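Undergrad: Below are the C-alpha cells for one structure; questions will follow.
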Amino acid sequence: MHLPDGFIDGKTAATAAALSAVGVGIALRRVRRQMPARKVPLLGLMAAFLFAAQMVNFPVAGGTSGHLIGGVLAASLLGPSAAVVAVTTVLIVQCFLFADGGVLALGANVLNMAIINPAAGYAIYRLVCWKMPGIRGRVTAVAFGGWCATVLAALSCAGQLAWSRTISWGAGFTAMAGVHMLIGVGEGLISALVLLAIHRTRPEMIVETSLSRPQRWADLTCYGLLGALGLALFVAPFACSWPDGLESVAARFGIHAQTVGVIWPAPAPNYQPRGMPWGMAATAVGGTVGALIAFGLALLLGWVLVPAKKGVKPT
C-alpha cells in the first residue's frame, strides 16, 4: 500500500503531510507522557519486527500479494500512540533507504498506515475486548481490528488517488476495498497468531503485572530483536514476488506515476544495496540492515522522549 511519488498530486500530498504531522506530533507527546521508561526498548523491537514482517509478502489471489502493516498489533501491545511512532519510523526507513514509498508521498503513507490503521483498528480492538473479555476476546479483537484497519487504510488511499484525479472514486473504492479485504484476512490472522504466542510466552507484554521487572523486558527485547533479524535474513528473500494490492490496482487501471525526477537517491532501492548483485542474499542483507536501523531509530527516539526514571502512567 506504499504510494510512490507521482500517484498523487501536490495538493493531496501536502494536505496528507500536514495531517500526518499533527497526528505524529500528538503521538510523540503522548508517548512522552504515558510510556514507562522500561518499555522504551520494546518500541525499538516493535519497529524492527514490523520492518522485517512488512518485507514478507504473502500471496492472496489472482497474482496479488499483501503484507502485514501491524498497526493494530503494535497498538494492542504498546498502545495506539506508540504504535503510530513505531510504524512511522518503519515508513521513514523504508522510504529513504529502500525507496519503498515515495518521498513526496511519505505524508500520505504515514496517514494511511501509521495513523488511520493503528488508531481506527485500536478503537475496534477495544470495543471487541469490552464485549469479549479474556484472551479469546483479545485474539478475536486484534484479528477483526487488523482486518478493519487494513480496509480503512486502503479506502483512505483510494480517496487520495481520487482527490488527485488519478482514478475515479467509484473504481478506486471498489478495487482497493476488494483486494484489501482479502489482504486484511492475512493481516488479522498474523496479528492474532503473534498476539496469542506472546500471551503464552510473555503475557506481561499485554497486561501489566506487579511481577514485571526491567530485566525481564531487557531479555525480551534482545530475543525479540534476534527473531526480527532472523525474519529479515532468512524469510524476506523468499517473499512472494507478486504485486501488492496497490500495485495490482494500478496495473489493472493503467495508473502510471507522473515523472517527478529523483527526489532522494535511496542507497538500496527495492531492498537491493547498490553494488551488491547477489539477488536474494542482497535482499537479506538489506532487510537485516534496515531492521537494525529501524530498531535503533525508534529506540533513540524513545530514549529522547521518555525520561530514564519516569514512573508508570496509565495508557
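Undergrad: Just name the residue that is surrounded by the most Cβ atoms within 10 Å (Cβ to Cβ) out of those in the range 130-154 that are farther than 22 Å from Ala114 by Cβ and not β-branched (Val, Ile, Thr).
TA: Arg138
Undergrad: Mind listing whichever residues of the range 65-102 are part of a loop (DSSP other than H, G, I, E, B) and either in contact with a Phe, Trp or Tyr (Cβ under 8 Å, 6 or more places away or on another chain) or surrounded by fewer than 24 Cβ atoms within 10 Å (Cβ to Cβ) (or both)?
TA: Scanning the range 65-102 gives His67, Gly70, Gly79, Ala99, Asp100, Gly101, Gly102.
Undergrad: Is it the case that some residue within the range 40-49 is touching a helix residue (DSSP H, G or I) at 6+ places or on another chain (Cβ under 8 Å), among the aromatic types (Phe, Trp, Tyr), assigned to a loop (DSSP other than H, G, I, E, B) and modelled with pLDDT of 90 or more?
TA: no
Undergrad: Here are Ala53, Ala74, Ala108, Ala61: which of them is at pLDDT below 90, under 22 Å from Leu246 (Cβ atoms) and of a type in the set (A, V, I, L, M)?
TA: Result: Ala61 is the single residue among Ala53, Ala74, Ala108, Ala61 that is at pLDDT below 90, under 22 Å from Leu246 (Cβ atoms) and of a type in the set (A, V, I, L, M).
Undergrad: In addition: Anything in the range 235-263 that is farther than 17 Å from Leu68 by Cα, at pLDDT below 70 and not small (Gly, Ala, Ser)? List them, or say none.
TA: Gln258, Thr259, Val260, Val262, Ile263
Undergrad: Looking at Arg200, Arg126, Arg138, which one is in a helix (DSSP H, G or I) and either among the aromatic types (Phe, Trp, Tyr) or modelled with pLDDT under 90 (or both)?
TA: Criteria check complete, one pass: Arg200.
Undergrad: Further question: Pick from the range 108-138 the residues that are β-branched (Val, Ile, Thr) and in contact (Cβ under 8 Å) with a residue 60 or more places away in the chain: which of them is farthest from Gln54 (Cα to Cα)?
TA: Taking the candidates together, the pick is Ile135.
The values are calculated or read from the model by the stated rules, or taken from the named source; none is laboratory data. Treat the numbers as computed from the prediction; the structure is a model and nothing was measured. As a convention, Cβ positions derive from the backbone with ideal geometry for all residues, glycine included, and neighbour counts pool all protein chains shown.
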